[in-house]
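Asks: This is the structure, below, for whatever I ask next.
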2 protein chains.
Amino acid sequence: MSAAVIAIIGRMTRWGPDARGRLMKSALELYAKRGYDQTTVAEIAERAGLTERTFFRHFADKKEVLFAGSNDLRDLLVRGVAGAPSSAAPIEAVAAGLLAASAVFNEERRDYSMRRQSVIAANAELRERELIKLAALASAIADTLRRRGVSDPAASLTAEAGIAVFRVAFDRWVAAHNELGWSELVRGSLAELKALVAS
Amino acid sequence: MSAAVIAIIGRMTRWGPDARGRLMKSALELYAKRGYDQTTVAEIAERAGLTERTFFRHFADKKEVLFAGSNDLRDLLVRGVAGAPSSAAPIEAVAAGLLAASAVFNEERRDYSMRRQSVIAANAELRERELIKLAALASAIADTLRRRGVSDPAASLTAEAGIAVFRVAFDRWVAAHNELGWSELVRGSLAELKALVAS
DNA sequence: GCCTCGATGTCAGTCGCTGACATCAGGATA
DNA sequence: TATCCTGATGTCAGCGACTGACATCGAGGC
């Protein structure tokens, strides 16, 4: 490794590259090691070579640093739903959206997702934030379905069902000793839901 | 009105009756008038003739003062589900629970619920708290179903469906220009869900 | 080489929330 | 009746999340 590269890495401070990413990484590490409550924003910022004030310029609050990617996920889902063939039934369009999210839930990000999820599971405030993010996803999917001509309450109910499938698939994806990929998990969870509703 | 009664009402301060209730009332009034963010806990306490410290002895945080009744609601739902005839299908047991909640959703409390709900709708943090309370209700219902011999994932799915019905019924109940009572709204919303699922 | 502009730092302040300790009212007890 | 005990409340000090106002820095355009 060249001296120049070492110099860059060693000086991950003010005006260093990817301040936002450094904050996200530092936050997850500290939340995982010492717990969310026992971590101060000042500590996260210091570990990233920045100040508390800068943290709050990048993230609305101490929780949001764990949910920065949720807009990307929403866009993936929405595009997947919108891009389904117009002949597809609502639930199939939602399934297409969930499968499109495999761009985010790939093997490289599994470890990150596992760490993040264990942090969230350990704290009530973070679980609250996660719930409202999931509700926002459901709302975005419902909007997209309406734009496809699906009327209420079918649009919102289908979206809710889709999020239920998402949760089951995601729980399994981050579970230890799991060898299936995102697509298989989505398809399997959806099949289970269909079987249950049909019975 | 006797002088004694006036004296009592006028001195709703330290060691006055129902400190907790006074805090809840003051909080709702201030949240409704000036907004949740623009209201400080010290102001709520002062209006109730108490101090900020006492507020936090009665409620875990500034949001919780609006959700104090959720334990009662949970108990009503759980008892309603548990008390359904053992021959009843899971979804019918859940329906029994929702109908049992009519003890809380009666005409006298409608105005209070409307004010409370408009405060919650206006603030993201309060919506987060509401979501986790609803999730807790679903979880309690699912537990009760399991104790009735319903296995997973039917128990949790039925509970989620029940909460979906609850939300629809509640939204309609607090909507203006609504003349139906809680029981009719629950039955109607459940019928809609059944029709949608069957189609 | 100067200027502008966005990102960051600094500082002071408010408010949510907590622990430790003091105080008060009312009921039990001697 | 005087005393004591207990639970509810008050007081005080302090931490940490979050914000507004203003200063400073670095990189790119002129």
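The values are calculated or read from the model by the stated rules, or taken from the named source; none is laboratory data. Remember, predicted model here, so these are calculated numbers, not experimental data. Methodologically, a virtual Cβ is constructed for each residue, glycine included, from the backbone with ideal geometry; neighbour enumeration extends over all protein chains shown. Note: accessible area is taken over every heavy atom of the protein model, side chains too, but ligands, DNA and RNA are not part of it. Shrake-Rupley method; radii C 1.70, N 1.55, O 1.52, S 1.80 Å.
Asks: Go through (1) at pLDDT below 95; (2) within 21 Å of the chain's Cα centre (by Cα); (3) not assigned by TED's automatic domain parsing to the domain that holds A:L185 and name the single condition A:R11 misses.
Replies: Going through (1) at pLDDT below 95; (2) within 21 Å of the chain's Cα centre (by Cα); (3) not assigned by TED's automatic domain parsing to the domain that holds A:L185 one by one, A:R11 breaks only (2).
Asks: Taking the condition assigned by TED's automatic domain parsing to the domain that holds A:A155, within 16 Å of DNA strand D (Cβ to nearest atom) and more than 25 Å from A:A154 (Cα to Cα), does A:N106 pass? Give the derivation first.
Replies: On the way: assigned by TED's automatic domain parsing to the domain that holds A:A155: yes; within 16 Å of DNA strand D (Cβ to nearest atom): no; more than 25 Å from A:A154 (Cα to Cα): yes.
No, not satisfied.
Asks: Which one is surrounded by the fewest Cβ atoms within 10 Å (Cβ to Cβ), of the residues in region A:30-46 that are within 12 Å of DNA strand C (Cβ to nearest atom) and assigned to a helix (DSSP H, G or I)?
Replies: That would be A:A42.
Asks: Something else now. Run A:H177 past the list (1) closer than 30 Å to A:A27 by Cβ; (2) assigned to a helix (DSSP H, G or I) and report the number of the one that doesn't hold.
Replies: Result: A:H177 fails condition (2) only.
Asks: Let me ask something else. Would you check which residues across region B:47-86 are over 19 Å from B:V150 (Cα atoms), more than 16 Å from DNA strand D (Cβ to nearest atom) and open to solvent by less than 70 Å² (accessible area, probe 1.4 Å) and list them?
Replies: Residues satisfying the conditions are B:L66, B:F67, B:G69, B:S70, B:L73, B:D75, B:L76.
Asks: Sticking with this one: Could you tell me which residue of region B:180-199 is nearest to the other protein chains (Cβ to nearest Cβ), considering only residues that are open to solvent by 60 Å² or more (accessible area, probe 1.4 Å) and in a loop (DSSP other than H, G, I, E, B)? Walk me through it before giving the result.
Replies: Residues of region B:180-199 that are open to solvent by 60 Å² or more (accessible area, probe 1.4 Å), as a first pass: B:180, B:184, B:187, B:192, B:194-195, B:197-199.
The next check asks that each one be in a loop (DSSP other than H, G, I, E, B); those that pass are B:180, B:199.
Values: B:L180: 17, B:S199: 9 Å.
Per the criteria, the residue is B:S199.
Asks: Additional query: With the checklist (1) within 28 Å of B:A60 (Cβ to Cβ); (2) out of contact with any Asp or Glu (no Cβ under 8 Å at 6 or more places or on another chain); (3) of a type in the set (A, V, I, L, M) in hand, flag the one item A:L99 doesn't pass.
Replies: With (1) within 28 Å of B:A60 (Cβ to Cβ); (2) out of contact with any Asp or Glu (no Cβ under 8 Å at 6 or more places or on another chain); (3) of a type in the set (A, V, I, L, M) applied to A:L99, the lone miss is (1).
Asks: Take region B:117-161 and flag every residue that is more than 15 Å from the chain's Cα centre (by Cα), within 14 Å of chain A (Cβ to nearest Cβ) and β-branched (V, I, T).
Replies: Result: B:V150, B:T158.
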